[in-house]
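Student: For reference, the structure I am asking about is given below.
The values are calculated or read from the model by the stated rules, or taken from the named source; none is laboratory data. Not measured: the values here are computed from a predicted model. A quick note on method: Cβ atoms are made from the backbone with ideal geometry, for glycine too, and the neighbour counts reach across all protein chains shown. Accessible surface areas use protein heavy atoms only, side chains included; no ligands, DNA or RNA. Shrake-Rupley method; radii C 1.70, N 1.55, O 1.52, S 1.80 Å.
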Amino acid sequence: MAHLNGHSVDNPPKEKPRTHLTDVGERELYFKGLEIYERDGFCSTCHQRDGKGLTASGFPPLAGTKWVLGNEDRLIKLALKGLMGPIEVLGKQYPGQVPMTPYEGLLSDEEMAAVLTYVRNSFGNVASAITPEKVKSVRALTDSKSGFYSPEELLKQHPHEDIVQ
Ligand code: HEC
């Protein structure tokens, strides 16, 4: 039977990914985001498929961090322009000599909204979905900014909220 279905017995089809999101549009963004997250050279390459990062290599986790769960503008800005400089994530200091890739030229507004909606709602995270319209407005707002953001610069613009963690 397995043979007839085109599935090898040793290699069963991957379990279907699931999400707690219920809104149809948000679910669509989430599954699109999962595909982008796991592309070669995208987020999972550094932050790992489980969102736990690789601390020893300077890649911080995405599970449970204020940067992921907090202010939407701050998250969109760092994903558009990349990030470099000392950063504290979950109480741990990273020297920040390894830069994070800027994605403004690699992802459309919809793709960016998708991958950020995915990270805000995976690895145990639960936060509002990011809309393509929101990405579009932050992209326009930061159009003239060149180079990476530093964590310090972003925290001046958007201090961490106390509600998370
Ligand atoms: C080349 C490796 C690399 C890739 C690819 C990458 N990042 Fe990062 N990311 C980093 C590094 C390094 C930092 C910390 C930068 C610093 O030290 O200032 C970081 C920081 C972050 C932070 C803030 C800190 C935290 O851990 O919460 C977020 C959020 C984030 N990345 C999300 C993403 C998303 C989403 C993607 C895919 C669209 C992505 N990253 C792709 C290396 C990467």
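Student: By the scheme Lys and Arg +1, Asp and Glu -1, what is the net charge of all other residues having a beta-carbon under 14 Å from that of S150? Let's see the in-between values first.
Tutor: Working: positive: R74, K77, K81, K145, K156; negative: E88, E152, E153.
Charge balance in the 14 Å sphere: +2.
Student: If you don't mind, there's one more thing I want to ask. Going by a ≥ b ≥ c, the root eigenvalues of the Cα gyration tensor, does the range 45-165 fall in the rounded group (a/c under 1.5), the prolate group (a/b larger than b/c) or the oblate group?
Tutor: Values: a/c = 1.37, a/b = 1.18, b/c = 1.17.
Rounded shape, in that the Cα axes give a/c under 1.5.
Student: Excluding A127 itself, calculate the net charge of residues whose Cβ lies under 10 Å from the Cβ of A127, where each Lys or Arg counts +1 and each Asp or Glu counts -1.
Tutor: It works out to a net charge of 0.
Student: Step through the residues of the range 36-46 one at a time and calculate ³J(HN,Hα) from phi using the Karplus curve (6.51 cos²θ - 1.76 cosθ + 1.60, θ = phi - 60°), rounding each to whole Hz and writing x for Gly and Pro.
Tutor: My calculation for the range 36-46 gives 5, 3, 8, 5, 4, x, 9, 3, 5, 4, 9 Hz in order.
Student: Roughly how many Å² is the accessible area per residue of the range 41-165, as a whole number, for a 1.4 Å probe? Spell out each step's value before the answer.
Tutor: On the way: 6120 Å² over 125 residues.
For the range 41-165, the per-residue accessible area is 49 Å².
Student: Between V135, V98, V68, find the one with the highest GNM mean-square fluctuation for the chain; connect C-alpha pairs within less than 10 Å.
Tutor: Its mean-square fluctuation being the largest, the pick is V98.
Student: Right, something else. Relative contact order for the chain: what is it in percent, counting Cα pairs under 8 Å that are at least 6 residues apart?
Tutor: Details: 231 pairs, mean separation 42.5, N = 165.
In percent, rounded to a whole number, it is 26.
Student: Okay, next question. Using only protein heavy atoms and a 1.4 Å probe, report how much of R139 is accessible, in Å² to the nearest 10.
Tutor: Accessible area, nearest 10 Å²: 60 Å².
Student: Across the chain, how many lysine pairs separated by 8 or more positions, or lying on different chains, have Cα atoms within less than 21 Å?
Tutor: 26
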